[in-house]
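Each remark here refers to the structure printed beneath this line.
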Amino acid sequence: MKKLIVITGASSGIGREIAKRFSQNNHPVLLLSRRLDRMEELDLENSMCKSVDVTDLEKMKEAIREAEEKYGKVDCLINCAGIMLLGHPEEQSFKEWNDMIDVNIKGILTGTNIVLKDMVKRNEGTVVNISSIAGRKTFDNHAVYCGTKFAVHAISENIRKEVASSNVRVITIAPGVVETPLLSHTTDENIKENYNEWKKTIESGLEPEKIASCIEFAYNQPQDVCIREIVIAKTKQED
């Protein structure tokens with residue numbers, strides 16, 4: 001059996017495909033999300049599923065320690081949990097801004113805080129943070145979402161630099177539009193409708209499997225090779 005992979009946001013979209021891909025590659029996997037039933041229905045071999053809010057450091061710690069007792073140390077943490085709440089900045093609620101900051105920024109920090117020290121001590125390990133093309137440029141109605149993803153890019157690159165001498169890799173994946181339930185969290189129906197109409201012009205977004213393939217490729221490089229960032233989008237997506 002290969003080394004333990006931990007995946008947040010594993011109940012749907014990209015996280016779900018990552019969990020399936022690494023399980024098929026004979027890695028034990030810890031699946032973390034709030035929706036336990038969606039993870040358990042995958043019925044993956046050598047898997048553990050825990051209903052955990054990624055912003056809850058103690059619950060995250062409990063889940064990771066339990067998986068490590070069964071499968072060994074975490075070799076790769078994939079921070080995939082995230083929410084996208086689009087809105088006009090003068091109209092959007094502070095709660096939606098706060099929720100995005102909590103999940104998209106704090107959500108990558110809890111797991112990283114738990115596993116990074118041990119990875120540095122062992123001189124091995126990989127952290128993969130799922131950001132977005134919205135972490136590299138801005139888009140209408142994306143103000144705070146872009147801010148959270150710019151933060152993911154900055155945090156990831158800074159940590160990468162500081163742990164590089166310990167042979168620990170930090171990888172940022174920045175997808176364009178992907179076919180996931182992410183847009184469904186947006187409460188403004190006009191924004192959702194316009195977004196979906198625009199998406200038709202690029203013949204839909206990427207399938208989540210494409211993102212899982214990128215992560216698989218980057219992770220499977222020798223430990224002394226760090227693919228720092230992958231930006232991936234449909235060819236027809238201009239922005």
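The values are calculated or read from the model by the stated rules, or taken from the named source; none is laboratory data. Because the structure is a prediction, the values reported are computed rather than measured. Note: ideal-geometry Cβ built from the backbone for every residue, glycine included; neighbour counts use all protein chains shown.
Restricting 122, 169, 136, 160 to those that are surrounded by 15 or more Cβ atoms within 10 Å (Cβ to Cβ), among the basic types (Lys, Arg) and farther than 30 Å from residue 238 by Cβ reduces the list to 169. Listed conditions (1) polar (S, T, N, Q); (2) in contact with a Leu (Cβ under 8 Å, 6 or more places away or on another chain); (3) surrounded by 15 or more Cβ atoms within 10 Å (Cβ to Cβ) are all met by residue 180, apart from (2). With the structure loaded, tell me whether residue 164 is touching a residue at least 12 places away in the same chain (Cβ under 8 Å), among the small types (Gly, Ala, Ser), out of contact with any Lys or Arg (no Cβ under 9 Å at 6 or more places or on another chain) and under 24 Å from residue 122 (Cα atoms) or whether it fails that test. When the stated conditions are applied, residue 164 passes them.
Do we find a residue being more than 29 Å from residue 118 (Cα to Cα), more than 15 Å from the chain's Cα centre (by Cα) and at pLDDT 95 or above anywhere in segment 167-182? No - not one qualifying residue is present in segment 167-182. Considering 117, 70, the condition of being among the basic types (Lys, Arg) and without any contact (Cβ under 8 Å) to a residue 12 or more places away in the chain is satisfied by 117 alone. Would you mind stating whether residue 191 is in a helix (DSSP H, G or I), crowded, with 17+ Cβ neighbours inside 10 Å, more than 17 Å from the chain's Cα centre (by Cα) and touching a residue at least 40 places away in the same chain (Cβ under 8 Å)? Considered against the rule, which asks whether it is in a helix (DSSP H, G or I), crowded, with 17+ Cβ neighbours inside 10 Å, more than 17 Å from the chain's Cα centre (by Cα) and touching a residue at least 40 places away in the same chain (Cβ under 8 Å), residue 191 comes out as yes.
Looking at this structure, is residue 147 under 20 Å from the mean Cα position of the chain (by Cα) and surrounded by 19 or more Cβ atoms within 10 Å (Cβ to Cβ)? The answer is no for residue 147. When the helices (runs of 4 or more DSSP H) confined to segment 1-107 are screened for residues that are in contact with a helix residue (DSSP H, G or I) (Cβ under 7 Å, 6 or more places away or on another chain), closer than 30 Å to residue 195 by Cα and at pLDDT below 95, none reaches at least 2 such residues. Here residue 40 fulfils each of the conditions (1) surrounded by fewer than 24 Cβ atoms within 10 Å (Cβ to Cβ); (2) within 20 Å of residue 110 (Cβ to Cβ) apart from (2).
Any residue at all in segment 145-166 that's at pLDDT 95 or above, among the β-branched types (Val, Ile, Thr) and assigned to a loop (DSSP other than H, G, I, E, B)? No, that holds for no residue.
Residues checked against (1) touching a residue at least 12 places away in the same chain (Cβ under 8 Å); (2) outside any helix (DSSP H, G or I); (3) surrounded by 14 or more Cβ atoms within 10 Å (Cβ to Cβ); (4) small (Gly, Ala, Ser):
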residue	(1), (2), (3), (4)
197	no, no, no, no
203	yes, yes, no, no
218	yes, no, yes, yes
222	no, yes, no, no
227	yes, yes, yes, no
231	yes, yes, yes, no
237	yes, yes, yes, no
